[in-house]
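Structure record follows, encoded as structure tokens.
Values quoted throughout were computed directly from the atomic coordinates according to the rules given, and no laboratory measurement underlies them. Values in this document were obtained by computation on a predicted structure and should not be read as measured data. We place every Cβ from the backbone using ideal geometry, glycine too, and count neighbours over all the protein chains shown.
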Amino acid sequence: MPTLRHTAASASASATWAALAFIAGAVLAAATGLIFLAPGGSAWSGTFTDPYVWRVARFTLWQAALSALLSILFAMPVAHALARRARFTGRTWLIRLLSLPLALPQLVAVMGILSLWGRHGWLARAAHFTGLPGLPGIYGLTGILLAHVFFNMPLAARILTAALERIPGEYWRLAAQLAMPRAAIWRHIAWPAMARVIPGAALLIFMLCATSFTVVLILGGGPAATTLEVAIYQALRFDFDPPRAMALSLLQVLVTTAVFFILRRFTRAPDVTASLEAPHAHPAGNDPAARLADTFWIGLAAIFTAAPLAAIAAAGLTPDLVPLLASPALHGALLASLILAAAAAALTLILSWALLQSLRLRDPSFAAMGDLAASLILVIPPVVLGAGWFIILHRAGQEATLAPVLVATINALMSLPFAWRILRPPFEEAQARYGRLCAALDITGLARLRLVDWPMLRRPLGLAAALSLALSIGDLGAIALFGSESFRTLPWLLYQKLGSYRTDEAAGLALILLVFILALMALAEALGGQSRRNTP
Amino acid sequence: MFKTISVLILALAALAAPVRAADKPVLTIYTYDSFSADWGPGPAVKAAFEKTCGCTVKYTGLKDGVSILNRLKLEGSSTKADIVLGLDTNLITETRASGLNAPHGLKLTGLKLPISWSDGDFVPYDWAHFAVIYDSRRIKTPPRSLEELVSGPAEQKIVLQDPRTSTPGLGFLLWMKSVYGPGAAAKWKQLKRRILTITPGWSAAYGLFTKGEAPMVLSYVTSPAYHMIEDKTTRYKAAKFAEGHYLQVEVAAAVKTSAHPKLAHDFLAFMITPAFQDNIPTKNWMFPAAPTSRPLPEAFGKLIKPSRTLLYPPQVVSKNRKAWIAEWLKAMSE
């Protein structure tokens, strides 16, 4: 018996080590390629003494912290309402809708936001029509925060809703028996459940906003609003200065690591209360006040998220749409996007599963390493990863054949943090609930996967797959370096149209992309959710 | 699971460049992707050149001129490019510094450019002046000079591009500099009131403009021709500035390490013949740099004609770019 258990533990450890080595290898190789093989550039040290860089770093932190705070604050009542209203028409689609903003190419999403909030947007026109005072201009910090909340509030709401839905049924029955008032339910049940995932969600959003690029450039209003990610891109453009880009990336990683460790201090261990019941839906508060509050928050979130998406869809409904749908260029791009995204999603799941194994070892520092790797990869600029790897592949003469593999890998790494946030809490709970039982009964390997992990994790796995599919399909960053005529994805085609006055066709493509992502997410979630339920 | 993964790996491999017929030499051209796009000049140019060259033309479509140069720098002497097409005059010095371009060896007589051209490495293929494009439905009295643009009402906004990432953005910076010289920083501070936002590239800026977010945008003199011909509207017009307009000339060059120097030379020569140039006006929306076989479309005759051409020599731009951008950055972030 001890030998068997020992084998299982060492298998877990090697899986995690392999994933860590893969991630570290991918990053370090890219850095090496860019530093040693790329021509030109300035000295490293100058970057850290440049007052401009520090101003940029300060702004980066400030807007990212504010964005994370606002997103979480908005998401809390929304998630609470969504968890409390477990059944209403369109709930599944609403939740799916909440994953869309993050999956869209940023330029498309920004145009959608401007359709609503812009100087010539619906709200401004409505104000003009009714004679009410218009909105103050949104370009500047306001616009950046607005867009970041649009991207990330839905993400936070999904993570928080999932946390609330995992609360064991006994809690709710006990609350009912004790006739706990709403404030007490919030304080003793709902808030602690959310508080466990908030630091993680906040960190994810913080990182996403710290590395924000298109949003900051377009809505920031000018060079006074600049993030490190923007500075990195600029260093690799006209100046083509890889050492400066590397130094800035390093600064970005260091700053985010500091935030990572600060937020980690607030992360509490998962609730390990053994529950014999499958998680239960949060019972609805039936009094009118609760109903009204829930309707308000769900409605507000739905409008806030859906209106810009509706604007994108409406802009796409032009006479150009029909010939566009029939064009071979579109079919090729759809296929290329689909293959790349599927490969990226598969790799994301494999990597996160391997990293999750670190949690089985009851070694906090090992688990912290997994967490760090799965989180920080997000702040490594894809343009740096892409450029570094491109040089290496080019030296090997393989850039044409391996470019798609590289793009899929970069996309997989970039969606890893999302999959990790989604999979980690249920995985920990499965471990806390059945870990000892499995050890006692010696259920390991595939048997454990089939009997214990799959039934408990198939929905989160479906969700993680869906999100990483969507993220990879909408991504342009990683493919920008490898442009070629045989390898064109949907966002690439879209930007190409935008680059030659073809605004209407680009809008049509945005609509197609929107529908495509939605369909894929529904499919991926269905694969995770509809399999035969065999509760252990 | 493993079956799925192996299928995915095979599919990924299939995405890579398909195998080509091995008997013909391949001429690889790095260009920007609105040139190589289905609707760009690329496909017609490829077909016309392949008729006579006994070769296959292959485009690698990159984002823009700067990306072409950076890709070339990344690849160094092992680049597969035979031709780079789509750089502009501001990138010439940097390209030359990479030591990767080859002399064209052509007698460039009969070019149709607003300036004289004597560069021994780079061959121009099209050009246009930068211009402020305005929405005539919302602006009745457009600025008649750069000075009027700078000092005009703050509520009429313009969208510009970032000179650190975009060629039109750099073009406008040079325009301001060539008109105002050492006083440019003060003028930028004055203009700042009218700037809605500064985008990373032309596409986003033009998208904001056509969306109605701002009634003015920095683009090209030729932009209204697109709207006249494709959208059948004269709504978007270029404002003619009294101080003159800054010029962009797009160029191509052969790559020194090319395995097909003769083909590359032939392509550059072909580039300034009507078979190539005929595709420029209505597919690249620029002015041809050499004679075409038929007159330009009527819409091009209706475009404004700048009274003066402004252009810094490439060496001057290359020498001062960093300092001028730093000056701009300071003026704009205060």
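Neighbour counts of other Cβ atoms within 10 Å put B:Trp175, B:Trp328, B:Trp39 in the fewest-to-most order B:Trp39, B:Trp328, B:Trp175. Remark: the stretch A:345-351, residue by residue, has Karplus-estimated 3J(HN,Hα) of 5, 4, 5, 4, 5, 4, 4 Hz, where x stands for each Gly or Pro and the curve is 6.51 cos²θ - 1.76 cosθ + 1.60 at θ = phi - 60°. Taking every C-alpha pair closer than 8 Å and separated by at least 6 residues, the mean separation divided by the residue count of chain A gives a relative contact order of 25 percent.
Taking the Cα centre of the stretch B:266-334 as origin and assigning +1 to Lys and Arg Cβ atoms and -1 to Asp and Glu Cβ atoms, the resulting dipole is close to 220 debye. Using only the Cα atoms of the protein assembly as shown, build the gyration tensor, take square roots of its eigenvalues as a ≥ b ≥ c, and label the shape rounded, prolate or oblate: rounded if a/c is under 1.5, else prolate if a/b is larger than b/c, else oblate. Prolate is the answer for the protein assembly as shown, as a/c is 1.5 or above and a/b outweighs b/c. Across the stretch B:71-78, computed HN-Hα scalar couplings (Karplus, 6.51 cos²θ - 1.76 cosθ + 1.60, θ = phi - 60°) run 4, 4, 5, 4, 7, x, 6, 9 Hz from first to last residue, x flagging Gly and Pro. When the Cα gyration tensor is reduced to axis lengths a ≥ b ≥ c, the ratio a/c is 1.5 or higher for the stretch B:208-334, and with a/b not above b/c it is classed as oblate. By the beta-carbon count within 10 Å of each Cβ, the least crowded to most crowded order of B:Leu72, A:Leu263, fewest first, is A:Leu263, B:Leu72. Pairs exceeding a 23 Å alpha-carbon distance, out of B:Lys237/B:Lys330; B:Lys177/B:Lys322; B:Lys192/B:Lys330; B:Lys262/B:Lys283; B:Lys58/B:Lys262: B:Lys237/B:Lys330; B:Lys262/B:Lys283. For peptide B:304-314, the mean count of partner chain Cβ atoms within 10 Å of a residue's Cβ comes to 0. Shielding by partners for peptide A:492-498, expressed as the average number of C-beta atoms from other protein chains within 10 Å of each residue's C-beta, is 5.
For the stretch A:8-155, the relative contact order comes to 29 percent (Cα pairs under 8 Å, sequence separation of at least 6). Once backbone amide H atoms are built at 1.01 Å from N, B:Tyr246 has B:Phe130, B:Leu310 as its partners under 5 Å, excluding neighbours fewer than 5 places away on the same chain. For the protein assembly as shown, taking a cut-off of 4.7 Å between Cβ atoms, the unpaired cysteines are A:Cys209, A:Cys438. Sorted into 5 angstrom bins from 0, the C-alpha pair distances of the stretch B:28-78 split as 5, 21, 25, 21, 15, 12, 1 percent. If you take the square roots of the eigenvalues of the alpha-carbon gyration tensor of chain B and sort them as a ≥ b ≥ c, do you get rounded (a/c under 1.5), prolate (a/b over b/c) or oblate? Because a/c hits 1.5 or more and a/b exceeds b/c, chain B counts as prolate. The ranking of A:Leu174, B:Leu174, A:Leu70 from fewest to most other beta carbons within 10 Å of each one's beta carbon is A:Leu174, A:Leu70, B:Leu174. Based on Cα contacts under 8 Å between residues 6+ apart, chain B shows a relative contact order of 25 percent.
Taking every residue in A:104-114 and counting other chain Cβ atoms within 10 Å of its Cβ, the average works out to 2. A simple charge model with +1 on the Cβ of Lys and Arg, -1 on the Cβ of Asp and Glu and nothing else charged puts the dipole of the protein assembly as shown at about 1180 debye relative to its Cα centre.
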